[in-house]
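The values are calculated or read from the model by the stated rules, or taken from the named source; none is laboratory data. Just so it is clear, the structure is predicted and the values come from calculations on it, not from any experiment. Here Cβ is always computed from backbone atoms with ideal geometry, including for glycine, and neighbour counts include all displayed protein chains. Remember, those area values only see protein heavy atoms, side chains included, never the ligands or the DNA or RNA. Shrake-Rupley method; radii C 1.70, N 1.55, O 1.52, S 1.80 Å.
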Amino acid sequence: MDSAFRLKLLRIKAGNILSLEIIEKIQKLKAQRNAVILAHNYQPGEIQDISDYSGDSLGLSVEAAGTRADVIVFCGVRFMAETAAILSPDKKVLLPELHAGCPMADMINAEELIKLKAEHPDALVVCYVNSTAEVKAESDYCCTSGNAVELVASLPADRKILFVPDQHLGRFVADRTGRDIILWPGYCSTHVSITVEDVAAAKQKHPGALVMAHPECPRSVCDIVDELLSTAQMLKFAKKSDAKSFIIATEIGIIHTLRKQNPDKEFFAATERAVCPDMKKISLEKVLWSLEEMKYRITIDPEVASRAKASLDRMIEVLPK
Ligand code: SF4
(Lines give C-alpha, C1' and ligand atoms only; values in the text may rest on other atoms or scores of the structure.)
Protein backbone atom coordinates (compact mmCIF):
# COMPACT_ATOMS: atom_id res chain seq x y z
CA MET A 1 0.00 0.00 0.00
CA ASP A 2 1.59 3.36 -0.96
CA SER A 3 1.85 6.28 1.43
CA ALA A 4 -0.61 8.49 -0.50
CA PHE A 5 -3.22 5.77 -0.18
CA ARG A 6 -2.44 5.36 3.53
CA LEU A 7 -3.10 9.07 4.00
CA LYS A 8 -6.41 8.74 2.18
CA LEU A 9 -7.34 5.87 4.50
CA LEU A 10 -6.62 7.98 7.55
CA ARG A 11 -8.98 10.65 6.30
CA ILE A 12 -11.80 8.19 5.88
CA LYS A 13 -14.00 7.73 8.90
CA ALA A 14 -11.24 7.25 11.46
CA GLY A 15 -12.05 4.22 13.54
CA ASN A 16 -14.50 2.73 11.05
CA ILE A 17 -12.87 -0.67 10.72
CA LEU A 18 -15.47 -2.04 8.32
CA SER A 19 -14.88 0.82 5.86
CA LEU A 20 -11.14 0.33 6.07
CA GLU A 21 -11.49 -3.38 5.32
CA ILE A 22 -13.68 -2.63 2.33
CA ILE A 23 -11.25 -0.01 1.07
CA GLU A 24 -8.31 -2.39 1.32
CA LYS A 25 -10.26 -5.00 -0.67
CA ILE A 26 -11.13 -2.37 -3.28
CA GLN A 27 -7.47 -1.42 -3.65
CA LYS A 28 -6.39 -5.05 -4.03
CA LEU A 29 -9.02 -5.82 -6.67
CA LYS A 30 -8.36 -2.55 -8.45
CA ALA A 31 -4.73 -3.58 -8.94
CA GLN A 32 -5.71 -7.11 -10.05
CA ARG A 33 -8.19 -5.77 -12.61
CA ASN A 34 -5.93 -2.90 -13.73
CA ALA A 35 -8.80 -0.54 -12.97
CA VAL A 36 -9.12 3.18 -12.24
CA ILE A 37 -11.80 4.64 -10.01
CA LEU A 38 -13.29 7.94 -11.10
CA ALA A 39 -15.54 10.00 -8.82
CA HIS A 40 -17.66 12.98 -9.75
CA ASN A 41 -17.46 16.10 -7.55
CA TYR A 42 -20.97 15.34 -6.26
CA GLN A 43 -20.11 11.86 -4.94
CA PRO A 44 -20.09 11.09 -1.19
CA GLY A 45 -16.80 12.18 0.43
CA GLU A 46 -15.55 8.64 1.12
CA ILE A 47 -15.95 7.76 -2.57
CA GLN A 48 -14.05 10.86 -3.68
CA ASP A 49 -11.33 9.91 -1.17
CA ILE A 50 -10.74 6.44 -2.60
CA SER A 51 -10.86 7.59 -6.22
CA ASP A 52 -7.85 7.94 -8.51
CA TYR A 53 -9.39 11.05 -10.04
CA SER A 54 -12.26 13.27 -8.97
CA GLY A 55 -13.67 16.05 -11.08
CA ASP A 56 -16.44 16.98 -13.51
CA SER A 57 -17.98 14.44 -15.85
CA LEU A 58 -16.19 15.29 -19.08
CA GLY A 59 -12.86 15.95 -17.37
CA LEU A 60 -13.03 12.50 -15.78
CA SER A 61 -13.87 10.77 -19.05
CA VAL A 62 -11.02 12.51 -20.86
CA GLU A 63 -8.67 11.59 -17.98
CA ALA A 64 -9.82 7.95 -18.16
CA ALA A 65 -9.34 7.76 -21.93
CA GLY A 66 -5.70 8.72 -21.43
CA THR A 67 -4.90 6.04 -18.83
CA ARG A 68 -3.62 2.54 -19.50
CA ALA A 69 -6.30 1.00 -17.30
CA ASP A 70 -8.42 -1.83 -18.70
CA VAL A 71 -11.37 -1.06 -16.44
CA ILE A 72 -13.01 2.24 -15.45
CA VAL A 73 -15.22 2.22 -12.36
CA PHE A 74 -17.29 5.37 -12.81
CA CYS A 75 -18.71 6.65 -9.54
CA GLY A 76 -21.32 9.03 -10.86
CA VAL A 77 -24.52 8.67 -12.86
CA ARG A 78 -25.31 6.78 -16.03
CA PHE A 79 -24.73 9.49 -18.65
CA MET A 80 -21.22 9.98 -17.25
CA ALA A 81 -20.38 6.30 -17.57
CA GLU A 82 -21.83 6.41 -21.10
CA THR A 83 -19.55 9.33 -21.98
CA ALA A 84 -16.55 7.39 -20.65
CA ALA A 85 -17.61 4.37 -22.75
CA ILE A 86 -17.94 6.57 -25.85
CA LEU A 87 -14.46 8.03 -25.36
CA SER A 88 -12.84 4.72 -24.30
CA PRO A 89 -14.43 2.00 -26.47
CA ASP A 90 -11.55 -0.38 -25.72
CA LYS A 91 -12.02 -0.23 -21.93
CA LYS A 92 -14.66 -1.85 -19.72
CA VAL A 93 -16.71 0.89 -18.05
CA LEU A 94 -18.55 -0.10 -14.88
CA LEU A 95 -21.28 1.84 -13.06
CA PRO A 96 -21.51 0.47 -9.49
CA GLU A 97 -25.25 1.19 -9.23
CA LEU A 98 -27.38 0.45 -12.27
CA HIS A 99 -30.14 2.80 -11.12
CA ALA A 100 -27.93 5.85 -10.66
CA GLY A 101 -29.45 7.99 -13.40
CA CYS A 102 -29.81 11.71 -14.04
CA PRO A 103 -33.45 12.85 -14.10
CA MET A 104 -32.47 15.88 -16.18
CA ALA A 105 -30.68 13.80 -18.83
CA ASP A 106 -33.81 11.68 -19.09
CA MET A 107 -36.05 14.72 -19.72
CA ILE A 108 -35.43 14.47 -23.46
CA ASN A 109 -35.01 11.38 -25.61
CA ALA A 110 -33.79 10.93 -29.18
CA GLU A 111 -37.32 10.82 -30.66
CA GLU A 112 -38.27 14.12 -28.99
CA LEU A 113 -35.06 15.73 -30.24
CA ILE A 114 -35.61 14.46 -33.79
CA LYS A 115 -39.10 16.02 -33.70
CA LEU A 116 -37.72 19.32 -32.38
CA LYS A 117 -35.07 19.36 -35.12
CA ALA A 118 -37.77 18.84 -37.75
CA GLU A 119 -39.61 21.90 -36.40
CA HIS A 120 -36.39 24.00 -36.64
CA PRO A 121 -34.52 22.55 -39.62
CA ASP A 122 -32.00 25.42 -39.85
CA ALA A 123 -30.98 25.37 -36.21
CA LEU A 124 -27.79 23.92 -34.76
CA VAL A 125 -28.28 21.51 -31.86
CA VAL A 126 -26.13 21.94 -28.76
CA CYS A 127 -26.58 19.35 -26.03
CA TYR A 128 -25.29 19.63 -22.49
CA VAL A 129 -23.03 16.71 -21.61
CA ASN A 130 -25.75 15.76 -19.08
CA SER A 131 -27.67 13.90 -21.79
CA THR A 132 -28.02 10.34 -23.00
CA ALA A 133 -25.74 8.86 -25.68
CA GLU A 134 -28.72 8.79 -28.08
CA VAL A 135 -29.35 12.52 -27.60
CA LYS A 136 -25.64 13.28 -28.07
CA ALA A 137 -25.80 11.27 -31.29
CA GLU A 138 -28.59 13.54 -32.59
CA SER A 139 -26.73 16.74 -31.66
CA ASP A 140 -24.27 18.86 -33.62
CA TYR A 141 -22.23 19.87 -30.59
CA CYS A 142 -21.88 18.72 -27.02
CA CYS A 143 -20.90 21.19 -24.29
CA THR A 144 -20.17 21.31 -20.58
CA SER A 145 -21.36 23.94 -18.11
CA GLY A 146 -17.79 25.28 -18.16
CA ASN A 147 -17.52 25.81 -21.93
CA ALA A 148 -21.16 26.26 -23.08
CA VAL A 149 -20.88 30.07 -23.37
CA GLU A 150 -17.62 29.92 -25.32
CA LEU A 151 -18.90 27.15 -27.58
CA VAL A 152 -22.22 28.83 -28.45
CA ALA A 153 -20.46 32.17 -29.03
CA SER A 154 -18.21 30.46 -31.59
CA LEU A 155 -21.12 29.17 -33.73
CA PRO A 156 -22.17 31.03 -36.91
CA ALA A 157 -24.11 34.16 -35.87
CA ASP A 158 -26.90 33.61 -38.42
CA ARG A 159 -27.87 30.18 -37.05
CA LYS A 160 -30.54 29.60 -34.41
CA ILE A 161 -29.58 27.22 -31.64
CA LEU A 162 -31.57 24.44 -30.00
CA PHE A 163 -30.21 23.86 -26.50
CA VAL A 164 -31.07 20.65 -24.63
CA PRO A 165 -31.90 19.49 -22.02
CA ASP A 166 -31.28 22.11 -19.29
CA GLN A 167 -33.37 25.27 -19.68
CA HIS A 168 -31.42 27.08 -16.94
CA LEU A 169 -27.96 26.51 -18.42
CA GLY A 170 -29.42 27.36 -21.86
CA ARG A 171 -30.91 30.62 -20.57
CA PHE A 172 -27.60 31.51 -18.89
CA VAL A 173 -25.82 30.93 -22.23
CA ALA A 174 -28.41 33.05 -24.08
CA ASP A 175 -27.91 35.88 -21.55
CA ARG A 176 -24.12 35.76 -21.84
CA THR A 177 -23.96 35.45 -25.64
CA GLY A 178 -27.06 37.38 -26.76
CA ARG A 179 -27.82 34.45 -29.10
CA ASP A 180 -31.26 33.31 -30.21
CA ILE A 181 -31.64 30.02 -28.32
CA ILE A 182 -34.64 27.70 -28.30
CA LEU A 183 -34.73 26.07 -24.87
CA TRP A 184 -35.93 22.60 -23.96
CA PRO A 185 -37.82 22.70 -20.64
CA GLY A 186 -35.51 20.30 -18.76
CA TYR A 187 -34.07 21.07 -15.34
CA CYS A 188 -32.07 19.56 -12.50
CA SER A 189 -34.36 19.00 -9.53
CA THR A 190 -31.42 19.32 -7.12
CA HIS A 191 -30.37 22.75 -8.42
CA VAL A 192 -33.89 24.13 -8.75
CA SER A 193 -34.48 23.23 -5.10
CA ILE A 194 -32.01 26.01 -4.16
CA THR A 195 -34.05 29.18 -3.55
CA VAL A 196 -33.41 32.91 -3.24
CA GLU A 197 -34.50 32.60 0.41
CA ASP A 198 -31.85 29.93 1.02
CA VAL A 199 -29.12 32.15 -0.41
CA ALA A 200 -30.35 35.22 1.50
CA ALA A 201 -30.43 33.25 4.77
CA ALA A 202 -26.93 31.86 4.16
CA LYS A 203 -25.62 35.37 3.42
CA GLN A 204 -27.12 36.63 6.66
CA LYS A 205 -25.57 33.76 8.61
CA HIS A 206 -22.15 34.16 6.96
CA PRO A 207 -21.74 37.87 6.26
CA GLY A 208 -18.93 38.66 3.86
CA ALA A 209 -18.88 35.17 2.32
CA LEU A 210 -18.60 35.10 -1.48
CA VAL A 211 -21.46 33.23 -3.16
CA MET A 212 -20.67 30.78 -5.98
CA ALA A 213 -23.58 29.16 -7.83
CA HIS A 214 -23.89 26.67 -10.66
CA PRO A 215 -25.73 27.94 -13.78
CA GLU A 216 -28.18 25.02 -13.44
CA CYS A 217 -29.74 27.10 -10.62
CA PRO A 218 -32.92 29.09 -11.35
CA ARG A 219 -32.52 32.65 -12.70
CA SER A 220 -33.75 34.20 -9.42
CA VAL A 221 -30.77 32.60 -7.63
CA CYS A 222 -28.29 33.36 -10.45
CA ASP A 223 -29.28 37.03 -10.24
CA ILE A 224 -28.17 37.46 -6.60
CA VAL A 225 -24.87 35.53 -6.46
CA ASP A 226 -21.30 36.75 -6.96
CA GLU A 227 -20.05 34.09 -9.38
CA LEU A 228 -21.75 31.64 -11.76
CA LEU A 229 -19.35 28.75 -12.31
CA SER A 230 -19.19 25.08 -13.28
CA THR A 231 -17.89 22.71 -10.59
CA ALA A 232 -14.41 22.61 -12.16
CA GLN A 233 -14.40 26.43 -12.31
CA MET A 234 -15.50 26.64 -8.65
CA LEU A 235 -12.54 24.51 -7.59
CA LYS A 236 -10.11 26.74 -9.51
CA PHE A 237 -11.76 29.97 -8.38
CA ALA A 238 -11.73 29.03 -4.68
CA LYS A 239 -7.99 28.30 -4.82
CA LYS A 240 -7.11 31.58 -6.50
CA SER A 241 -9.56 33.87 -4.69
CA ASP A 242 -8.47 36.09 -1.81
CA ALA A 243 -11.85 35.48 -0.17
CA LYS A 244 -11.71 33.38 2.99
CA SER A 245 -15.30 32.17 3.12
CA PHE A 246 -17.73 31.00 0.45
CA ILE A 247 -21.39 30.04 0.17
CA ILE A 248 -21.88 27.23 -2.34
CA ALA A 249 -25.08 26.94 -4.38
CA THR A 250 -24.70 23.57 -6.07
CA GLU A 251 -24.83 19.90 -5.03
CA ILE A 252 -23.19 19.77 -1.59
CA GLY A 253 -20.76 16.94 -2.45
CA ILE A 254 -18.32 19.45 -3.91
CA ILE A 255 -17.84 21.05 -0.49
CA HIS A 256 -15.82 17.98 0.56
CA THR A 257 -13.22 18.68 -2.15
CA LEU A 258 -13.30 22.44 -1.64
CA ARG A 259 -12.48 21.97 2.07
CA LYS A 260 -9.77 19.42 1.35
CA GLN A 261 -8.08 21.65 -1.22
CA ASN A 262 -8.42 24.85 0.82
CA PRO A 263 -7.93 24.02 4.51
CA ASP A 264 -7.47 27.71 5.37
CA LYS A 265 -10.87 28.72 3.90
CA GLU A 266 -14.48 28.14 4.93
CA PHE A 267 -17.25 26.72 2.76
CA PHE A 268 -20.96 26.70 3.58
CA ALA A 269 -23.83 25.11 1.68
CA ALA A 270 -26.52 27.56 0.51
CA THR A 271 -28.86 24.76 1.64
CA GLU A 272 -28.26 21.23 2.90
CA ARG A 273 -31.22 20.19 0.72
CA ALA A 274 -29.07 20.44 -2.41
CA VAL A 275 -28.36 16.71 -2.51
CA CYS A 276 -28.63 14.65 -5.70
CA PRO A 277 -30.22 11.35 -4.62
CA ASP A 278 -28.80 9.53 -7.65
CA MET A 279 -25.23 10.65 -6.97
CA LYS A 280 -25.56 9.34 -3.42
CA LYS A 281 -26.58 5.84 -4.55
CA ILE A 282 -22.90 4.85 -4.82
CA SER A 283 -21.32 3.44 -1.66
CA LEU A 284 -18.00 1.78 -0.79
CA GLU A 285 -19.77 -1.59 -0.67
CA LYS A 286 -21.13 -1.08 -4.20
CA VAL A 287 -17.71 -0.09 -5.55
CA LEU A 288 -16.25 -3.30 -4.08
CA TRP A 289 -19.08 -5.41 -5.46
CA SER A 290 -18.69 -3.75 -8.85
CA LEU A 291 -15.04 -4.77 -9.02
CA GLU A 292 -15.77 -8.28 -7.73
CA GLU A 293 -18.56 -8.99 -10.19
CA MET A 294 -17.42 -6.63 -12.99
CA LYS A 295 -20.85 -5.02 -12.97
CA TYR A 296 -22.66 -3.06 -14.25
CA ARG A 297 -20.92 -2.81 -17.59
CA ILE A 298 -22.07 0.16 -19.67
CA THR A 299 -21.95 -0.41 -23.41
CA ILE A 300 -23.21 1.77 -26.23
CA ASP A 301 -24.41 0.66 -29.63
CA PRO A 302 -21.36 1.32 -31.89
CA GLU A 303 -23.33 3.38 -34.42
CA VAL A 304 -24.81 5.59 -31.66
CA ALA A 305 -21.40 5.82 -29.96
CA SER A 306 -19.71 6.94 -33.16
CA ARG A 307 -22.27 9.72 -33.80
CA ALA A 308 -22.24 10.77 -30.12
CA LYS A 309 -18.45 10.92 -30.22
CA ALA A 310 -18.66 13.20 -33.26
CA SER A 311 -20.63 15.77 -31.21
CA LEU A 312 -17.99 15.57 -28.44
CA ASP A 313 -15.18 15.83 -31.02
CA ARG A 314 -16.81 18.89 -32.61
CA MET A 315 -16.84 20.53 -29.19
CA ILE A 316 -13.15 19.79 -28.77
CA GLU A 317 -12.41 21.10 -32.31
CA VAL A 318 -14.16 24.39 -31.57
CA LEU A 319 -12.53 24.62 -28.16
CA PRO A 320 -9.12 23.05 -28.58
CA LYS A 321 -8.03 23.97 -25.03
S1 SF4 B 1 -27.16 16.95 -9.74
FE2 SF4 B 1 -28.80 17.25 -11.24
S3 SF4 B 1 -27.80 17.25 -13.24
FE4 SF4 B 1 -26.37 16.33 -11.75
S5 SF4 B 1 -26.77 14.13 -11.87
FE6 SF4 B 1 -28.05 14.92 -10.21
S7 SF4 B 1 -30.01 15.37 -11.24
FE8 SF4 B 1 -28.50 15.15 -12.87
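Percent of alpha carbon pairs in the chain separated by more than 31 Å? For the chain, the fraction of Cα-Cα distances above 31 Å is 31 percent.
Diffusion coefficient of segment 154-248 by Stokes-Einstein, Kirkwood radius over Cα pairs, 10 °C, 1.306 mPa s: 110 µm²/s.
Derived from the Cα gyration tensor, the three semi-axes of the equivalent ellipsoid of segment 1-150 are 35, 15, 13 Å, largest first.
How much net charge surrounds PRO207 when only other residues with a Cβ under 13 Å from its Cβ are counted (Lys, Arg +1; Asp, Glu -1)? Computed value for this residue: +2.
Any idea how far the Cα center of segment 282-316 sits from the one of segment 129-163, in Å? Taking the Cα centre of each part, segment 282-316 and segment 129-163 sit 21 Å apart. Positive contributions from Lys and Arg (+1) and negative ones from Asp and Glu (-1), summed over other residues with Cβ under 13 Å from the Cβ of GLU197, come out at +2. Take the Kirkwood radius over Cα pairs of segment 30-99, plug it into Stokes-Einstein at 25 °C and 0.890 mPa s, and you get 212 µm²/s for translational diffusion. Of the cross-linked pairs LYS30/LYS281; LYS25/LYS244; LYS30/LYS239, which ones have a Cα-Cα span greater than 27 Å in the structure shown? Table pairs above 27 Å Cα-Cα are LYS25/LYS244; LYS30/LYS239. Sequence-distant contacts, meaning Cα pairs under 8 Å at least 6 residues apart, place the relative contact order of segment 104-171 at 39 percent. When you filter the GluC sites (Glu not before Pro) in segment 263-311 for DSSP loop state and at most 11 other Cβ atoms inside 10 Å of their Cβ, you are left with GLU272.
For LYS92, the solvent-accessible surface computed with a 1.4 Å probe is close to 90 Å², ligands and nucleic acids excluded.
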